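Reading through the structure tokens given below for one structure.
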Amino acid sequence: MLGVVKVGRGKGLVELREVEEPAPGPGEVKIRISAAAICGSDLHIWRDAHPYWPPVVLGHEFSGTVSALGEGVTGYVVGDRVVSETSTGSCGDCFLCRSGNRHICPDKRAAGIGRDGAFADYVVMPAGLLHRIPDGLSLEEAALSEPTAIAVHAVMERAGVRAGESVVITGPGPIGLLCLQVARASGAGPMVVGGTPADLPLRLPVATATGADAVVNVAEEDLVERVMAATGGVGADLAIETSGSPAAVELLPHLVRRLGRIGVLGVTGRPAVQFPWDVAVFKGLEVQFSFSSRHTSWITGLRLLGSGRVRARPLISMEVPLQRWQEAFEAQAEGRAIKSLLVPGASGKGLS
Ligand SMILES: [Zn+2]
Ligand SMILES: [Zn+2]
């Protein structure tokens, strides 16, 4: 079968290659990939700016149908529509695994990063990581289950968003846009989204279309002023940082009210960044960092997608076959696509 493979360590070094079709071992399920979405971390691996274990088939955000069952697997039949958590390799025995947090186990080697992933015709995953796709949710939309679970974990489970809260989101990338919808689905509002001029053509209009009450181009307007205007001069109850921009990080304590909360997902790619520590102390802020997603995040995320309270479709800008992976990577890296889907075995549709 064909796979998009990070073939070695260094910048670039991603190729479409013939790779061996995987077979499910005991407790595993072989899944025929329907659609796989490109993640920011795939782009970082492409540029050698994220951990990975080559050679490895990339791709961890996907949907598919069950095509074969390994020994001992029950509860699934061939043809079932499924998505999968990515916490492969977790030991099952450490403090984190045993306390229900296998997503952050030190031994984790996520699919598409530390073991072969979904930019291919087939992937094999442990049955215990699978979730059924709700009826009525398309396979293309279901390919965004993983980033939706990330948003649920950060906004609901970590930052604890509540109905009626004012929220500001710094960074309208795919994760920021899903955080916006998850917060909106939780009853939060008003919602303010800050972005850069690069976000003007695609991302900020989608923010407006999916629930933002105000969008702010930070190159032209003062985000703190806009948040103050939206919150009666008090500041937001909750800020969610999804840009990884050091300038945004430095702004966070000024965006929220006294005793407000900050939820962080953005990775800066730097050894250290500036943060106005004393402002945060004197305001009595709470800060919640968030990494990956829990089993519960997937259950909630799939319910939100299945009920239409979170819509993945507005984020999907292009669908192309595996052969055109580079075009899709570039479109997403350059902001010409919010989310690109790789569709194995297809000629590609809905091309932008
Ligand atoms: Zn991802
Ligand atoms: Zn563990």
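Structure notes:
- Once the C-beta distance of Thr268 and Glu15 is scaled by a Förster radius of 22 Å, the resulting FRET efficiency is 0.15 to the nearest 0.05.
- Calculated from backbone phi, Karplus (6.51, -1.76, 1.60) coupling profile of the range 95-103 in Hz, x at Gly/Pro: 3, 5, 4, 6, 9, x, 10, 5, 5
- Estimated distance in nm for a label pair at Phe275 and Val78, the labels positioned 7 Å out from Cα along Cα-to-Cβ: 5.2 nm
- Charge context of Asp80, other residues only, Cβ under 14 angstrom, K/R +1, D/E -1: +3
- Cα shape, the range 149-289, gyration tensor, a/c 1.5 rule: rounded
- Under a model in which nothing but the beta-carbon of Lys, Arg (+1) and Asp, Glu (-1) is charged, the range 17-138 shows a dipole of about 260 debye around its Cα centre.
- Sorted fewest first by neighbouring Cβ atoms within 10 angstrom, Trp53, Trp46, Trp277 come out as Trp277, Trp53, Trp46.
- Surrounding net charge for Asp121, when Lys and Arg each add one and Asp and Glu each subtract one, Cβ distance under 9 Å: 0
- Approximate spin-label separation Trp53-Ala219, in nm, with each point projected 7 Å along Cα-to-Cβ: 4.1 nm
- Pairs of alpha carbons in the chain whose separation is greater than 29 Å (percent): 38 percent
- Among Ile338, Ile133, Ile104, the largest mean-square fluctuation in a Gaussian network model of the chain (Cα springs under 10 Å) belongs to Ile104.
- Take every pair of alpha-carbon atoms less than 8 Å apart whose residues are at least six positions apart; their mean separation over the length of the chain yields a relative contact order of 17 percent.
- Checking every one of the trypsin sites (Lys or Arg not before Pro) in the range 8-97 against DSSP loop status and a limit of 15 other Cβ atoms within 10 Å picks out Arg9, Lys11, Arg47.
- Label-zone membership for the range 22-38, site Ala68, 7 angstrom Cα→C-beta point, backbone N under 15 Å: 22-33
- Across the range 40-46, coupling constants 3J(HN,Hα) worked out from phi with the 6.51/-1.76/1.60 Karplus curve, θ = phi - 60°, read x, 5, 5, 5, 5, 5, 3 Hz, and Gly and Pro carry x.
- Simple label model, 7 Å out from Cα along Cβ direction - Ser99 to Glu334, nm: 4.6 nm
- Length added when fully stretched, Val234-Phe282, from 0.36 nm per residue minus Cα-Cα: 15.8 nm
- Ranked by how many other Cβ atoms sit within 10 Å of their own Cβ, fewest first, the residues Leu58, Leu16 fall in the order Leu16, Leu58.
The numbers here are math on the coordinates, done by the rules we state, and not lab data. Because the structure is a prediction, the values reported are computed rather than measured. Cβ: placed from backbone, ideal geometry, glycine included. Neighbour counts: every protein chain shown.
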